[in-house]
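So the structure is just underneath, and the comments pick up after that.
The values are calculated or read from the model by the stated rules, or taken from the named source; none is laboratory data. Treat the numbers as computed from the prediction; the structure is a model and nothing was measured. All Cβ positions, glycine included, derive from the backbone under ideal geometry; neighbour counts span all protein chains shown.
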Amino acid sequence: MQKKNTPDARNRILQAALHVFAQKSFEGSRIEEIAKEAGVPKSLIYYHFKSKEDMYHVLTKQFIEAYKELVRPGSGETHQTKAAHISEKSELHKDFVIRHADMIRIIFLDSLKKSSEKPMIFEVVEALVETEESSEKLGDEEGYDRQERLVAEFFTNIIPIYAYLCFSEAWTQHFQVPRKALDEMFAKVFEETHGAYHKNHT
């Protein structure tokens with residue numbers, strides 16, 4: 001029988017927290033619910049984490065690091081070659097979104113709260129643009145506008161993808177559209193908007 005305090009207990013707790021946060025929102029979740037989901041005593045959660053906020057911080061940090069790895073260009077890749085392969089990149093993003101669906105829902109919904117704090121979703125777009133800038137030397141390009149790039153990536157890339165994740169299932173039911181057909185329509189529109197932006201800025 002596996003002991004409760006094993007090396008993977010911390011990861012089990014994090015995955016349980018992720019599941020509970022996605023179901024009930026961060027604000028609506030309780031430590032007791034996370035402990036029950038993870039199958040561990042509440043005391044073990046406090047052994048690994050100071051608070052619910054600590055778990056959320058770890059989860060978001062892991063997500064941002066995974067996202068940076070996703071958007072980091074391959075060896076020799078430039079903005080021009082990336083624009084030429086926007087469809088291929090879109091598939092990679094789609095797979096990433098599916099794998100991290102719960103965390104994306106948490107970040108997306110948490111960022112909609114009226115607050116004076118910087119929404120977590122802003123960290124996602126900053127990570128994307130900063131990774132592009134450091135690897136592609138965009139700041140050295142004539143006419144490069146960082147604020148415009150942030151706007152383009154946020155409003156034509158990140159927000160549409162995250163919104164699609166959150167609403168696509170309900171959309172297929174309400175509008176009676178097969179999921180495959182909806183995926184194809186979204187990919188087409190995404191190509192015509194965000195893809196067009198990259199193609200026009202090579």
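Observations on the structure shown:
- Residue-level analysis places GLU184 among those that are part of a helix (DSSP H, G or I) and more than 28 Å from GLU126 (Cβ to Cβ).
- Within region 110-119, if we keep just the residues that are farther than 15 Å from ALA17 by Cβ and of a type outside the set (Lys, Arg), the residue that is surrounded by the most Cβ atoms within 10 Å (Cβ to Cβ) turns out to be SER111.
- Within region 14-34, the set of residues being within 20 Å of the chain's Cα centre (by Cα) and under 14 Å from MET55 (Cα atoms) comprises LEU14, GLN15, ALA16, ALA17, LEU18, HIS19, VAL20, PHE21, ALA22, SER25, PHE26, GLU27.
- Among residues of region 99-116, those that are without any contact (Cβ under 8 Å) to a residue 24 or more places away in the chain and part of a helix (DSSP H, G or I), counted: 2
- Comparison of GLU169, GLU148, GLU191 shows that the only residue that is in a helix (DSSP H, G or I), assigned by TED's automatic domain parsing to the domain that holds VAL124 and in contact (Cβ under 8 Å) with a residue 40 or more places away in the chain is GLU191.
- Of all residues in region 1-51 being in a loop (DSSP other than H, G, I, E, B) and basic (Lys, Arg), the one that is modelled with the lowest pLDDT: LYS3
- Breaking point among (1) of a type outside the set (Phe, Trp, Tyr); (2) modelled with pLDDT of 95 or more; (3) part of a loop (DSSP other than H, G, I, E, B), for GLY143: (2)
- Tally of residues being closer than 30 Å to THR131 by Cα and β-branched (Val, Ile, Thr) across region 14-66: 3
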